Structures are given as C-alpha cells and as structure tokens.
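Okay, so here's the structure we're looking at.
The values are calculated or read from the model by the stated rules, or taken from the named source; none is laboratory data. Just so it is clear, the structure is predicted and the values come from calculations on it, not from any experiment. Cβ placement follows ideal geometry from the backbone for every residue including glycine, while neighbour counts extend to all protein chains displayed. Keep in mind that these areas ignore ligands, DNA and RNA; they rest on the heavy atoms of the full protein, side chains included. Shrake-Rupley method; radii C 1.70, N 1.55, O 1.52, S 1.80 Å.
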Amino acid sequence: MSLITPSSRPRGGGAHKGGARRYENNRIYGNPLPLLFIEPPPSRTQSVLGLLGLSLTRVENPHCEGVFDPITRSVWVSKSEHYLILWRRGFFGKGDLSRSDPSWLARQMNIRKTGGKQLTSEEITAQRRAERKQFKLDRARAIAAVAEEAETIFATEGRVIQPALSGPDIPSAATWKPSARSEPEAIASTSMVDDEPLENEEPLEDVEHLQLTLQEAFFLLWNLDCLTILEPQSMEPMTLQQIWIAFQITELPPQLPPPSNPSEHLQFDNPFLINYVVYHHYRSLGWVVKGGIKFCVDYLLYKRGPVFTHAELALVVLPVYEDPEDQKASSVELQNSSPFAWSWLSTINRVNSQVQKTLILVYVTIPAKSRLSLNVLKSPACFAHYSVREVVLRRFIPARMRD
C-alpha cells in the first residue's frame, strides 16, 4: 500500500488571496471524475433507505467518444462537449493546439471580440516570459551603464570605483515594473479591432481536439466506463478486447509482414502495461497524473489539478525484470531498465528540487515468463501480477540536515 496520498490541508495562510478566481475554479473543476453522483432531495423515504444501508443516489455517465490513432499512440476526442467534460472533471488529456486545457477557441474569440484584453493561460504565460526577458535586458543595460560610468571616472580622475550590482539605479525583481505599451501600439491595436466589425466576420470553427494518452483512455474506458473508442477506419465502436490488444500492439516494434494473430506476440514488458500500472496506481490514490517530460521525468502528480496548484511529486518509472533472462530475450528496450549513472540521477533530482518537487523512483516489477503463461496478457487481469515499489529521493543539504 502506498503512503503517498494527496494531503487535504491547504498550504499558506492567505485565505482571501485570489478568492474570486479560486471560487470560479472550484465551480468549474469541482468534480474529480467524469462520473457525477446525483443526490436526490431529502425525503422520508431516503431516510428509511439510509437506515437499511440503501441509497437513491443516481450515477450520471457522460459517455464520451474518441477515435483511436495508432500513429500518435493516442485517442482523439473531437466533440467540444465531450473534451470539456474530460478536462474539467479530472484533467484528462491535453488540447492539441494548447499548452494544457483545450482553449484554442476561447483564445481566438478573445482576440476577435476584445482585442486580446482578456488573457487566457497561454497568453498570460507568454506575457510573463516577455516581462522576464525585458527585466533581464533592463538590468543588463543598467549594470553596463554603471560599469561605463566607473570606467569614465577612472579615465578622467584616476579613481578606482567598484561598480555596484545593486542599488536604486539597478532594477531588481522586487522593484522592477514592466513598462506600459506605447501609445502608437495601443492606438494601432484599437483601430485594428474597430476597423473589423464582428458581423462581417465568418463564425469560428473549433478545430481543436483533446488528445488522450493510451493510459488515460484505458483508465476512462476500463475503470469508469465513460469513454467509447472508435476504430479509425470504420468509425465503429471497438470492444474492450480489441482495444486491449490494439493498445499493446501499438507500443511494440512493427513486424513485417504483420502477424496474422497479434495476440500471440504480446509481451510482459510492454511499455503500455508498465506505464498503465503506474498511472492506475496513483490515479486510484486520488492524484491527478500528467506527463512530466518538461522536468525530465515520466509523470507529475497534482493534488487537485494543474489549475489549482503546481505538481508536488515527480515520478521516474524504473522497470525491473523478475527474471533477468527475459530482458536479454526481449524485443523491447525499456527506458531506465538498465543501471543508470549517479550523475544522471543527481541531475534529475537537482532539476526537480529547484522547482519544489519531490522526486520518486517507481519500481515496476515485470513478472517472469517462466512463471506465467502468455495467455494471461489477453485480458487486463494480468495487472494483478505486476507490483509497484516507491523510493522517495531528496537532496542532501548540509545546512538544513545537520542532525
């Protein structure tokens, strides 16, 4: 049993900081899963059934649809009402034209209606990056001016002055303010919006899709039964057995000619199985699991979701073969399955420590072929033969860990 569970105690003492935004996020993203449990109004009948251990709670299933794409190894959800449900209720998937939430249509409507005055998350990030770049340029320019003044004094008076790297003339992160847009730019942007009346513009078409990883799609299908996956050619619903085999075959190296019976070529060390074991393990503990390639890890764990807080934990998946001979005979070269250098581990730990994330090494034990038959892989019941172990890794800082 894992001891890594999301804490419910909020951090920090700012109870009223960003209250309106927090209230809006709680309203939109308040449901942790796509399934809704509808409670009936209080009644005497409900009280009597409660004494008998019964309930009239109704489960509302959205029944979303997605198309399996073997080329990108993902499932694409194109209907806006479906991908909004999956994103807002559990933060599943990623917008293919956005950083995280599918907000391409909102950004385009914002540009068309308000001229970009109401910023989306992508635009806020771009603005902050531009401000940080401008701050560095202003600071470098101020330091160069101070150094030039010191050189002028030395050339004219012969006095040596140490250039100051801080002071009222040197911008700092605490005092620097971004400069407002110049008047010509503001006037130009306003006239650009005014010169194009909305009634003459064509209506926007939402061309964005929600891209689900294979692990997210199978979790929604197998555990919650709220996703129907369509076959890409016929656009007909796929059965659970077809999806199970297709997801495994997609992660294996292609074979020429294609095998007549793909189920005979399944492997215990399939990357889909190993990654799904980790994904299912932490999703079942209440964490929101997202990809962590930005921080050189496999997964990031959020307490409630990317909208509320930053990720607290970073996971590196380390497959371990129960029988070392299976690794030698395998056609798949799993990432991190071989011993790694301490310099590599220290680098990843340093990167995540700098962004206030705790690094966790997740060891997934792959069952041995000599102990189990390959027929076990024909159903999701094979997950019972995999095990997960966790090792929490922290940097040793002598100034903080003297005891």
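For the stretch 260-312, what's the relative contact order in percent, using C-alpha pairs closer than 8 Å and at least 6 residues apart?
20 percent
Which value, to two decimals, describes the C-alpha radius of gyration of the stretch 45-151 once divided by 2.2 N^0.38 Å?
Against the compact-globule rule of thumb, the ratio is 1.94.
Suppose all protein chains stay in the model; what accessible area per residue would a 1.4 Å probe give for the stretch 248-403, in Å²?
Per-residue value: 54 Å².
Non-local amide H neighbours of G291 (under 5 Å, H modeled in plane, Pro and chain starts lacking H): which ones?
Hits under the 5 Å cutoff: L300.
Would you mind classifying the stretch 18-80 by shape? Square roots of the alpha carbon gyration tensor eigenvalues, ordered a ≥ b ≥ c; an a/c under 1.5 is rounded, otherwise it is prolate if a/b is larger than b/c and oblate if not.
Oblate, because a/c is 1.5 or more while a/b does not exceed b/c.
Need the C-alpha centroid separation for the stretch 134-148 versus the stretch 328-355, integer Å.
Here the two parts' Cα centres lie 40 Å apart.
Assuming a ≥ b ≥ c are the square roots of the Cα gyration tensor eigenvalues, decide whether the stretch 59-109 counts as rounded (a/c under 1.5), prolate (otherwise, with a/b larger than b/c) or oblate.
Oblate, since a/c reaches 1.5 and b/c is not below a/b.
Which parts of the stretch 367-386 would a label at K328 reach, counting a residue when its backbone N lies under 11 Å from a point 7 Å out along Cα-to-Cβ?
Taking a point 7 Å out along Cα→Cβ of K328, no residue of the stretch 367-386 has its backbone N under 11 Å.
In angstroms, what radius of gyration and Dmax does the stretch 241-309 have, counting Cα atoms only?
Radius of gyration, then largest Cα-Cα span, for the stretch 241-309: 15.7, 49 Å.
What number do you get for the stretch 267-403 when its Cα radius of gyration is normalised by 2.2 N^0.38 Å, N = residues?
1.16
Each residue of the stretch 94-104 in order: what ³J(HN,Hα) in whole Hz does its phi give by Karplus 6.51 cos²θ - 1.76 cosθ + 1.60, θ = phi - 60°, with x for Gly and Pro?
Per residue, the Karplus-derived 3J(HN,Hα) values read 7, x, 6, 10, 9, 6, 8, 6, x, 10, 4 Hz.
So which chymotrypsin sites (Phe, Trp or Tyr not before Pro) in the stretch 239-331 end up in coil per DSSP with only 16 or fewer other C-beta atoms within 10 Å?
Sparse-neighbourhood loop chymotrypsin sites (Phe, Trp or Tyr not before Pro): F308.
What's the extension gain from R73 to S179 if we count 0.36 nm per residue and subtract their Cα-Cα distance?
Full extension from R73 to S179 adds 33.7 nm.
Give me the net charge for the shell around I360: Cβ to Cβ below 13 angstrom, other residues only, Lys and Arg +1, Asp and Glu -1.
Taking every Cβ under 13 Å from that of I360, the sum is 0.
Along each principal axis of its Cα atoms, how long is the stretch 210-345 end to end? Whole angstroms, biggest number first, please.
Here the spans come out as 46, 40, 23 Å, largest first.
Once a ≥ b ≥ c are taken as the square roots of the eigenvalues of the Cα gyration tensor of the stretch 297-375, is the result rounded (a/c under 1.5), prolate (a/b larger than b/c) or oblate (a/b not larger than b/c)?
In terms of gyration-tensor shape, oblate.
Counting only protein heavy atoms and using a 1.4 Å probe, what share of the accessible area of the stretch 313-385 belongs to carbon plus sulfur, as a whole percent?
Accessible surface attributable to carbon and sulfur in the stretch 313-385 totals 53 percent.
Quick one: Debye curve from the alpha-carbon atoms of the stretch 199-262 only, equal weights, vacuum; give me log10 I(q)/I(0) at q = 0.30 Å⁻¹ to two decimals.
Log-scaled intensity ratios, in q order: -1.37.
Would you tally the net charge around L300, using a Cβ to Cβ cut-off of less than 10 Å, leaving L300 out, and scoring K and R as +1, D and E as -1?
Computed value for this residue: +1.
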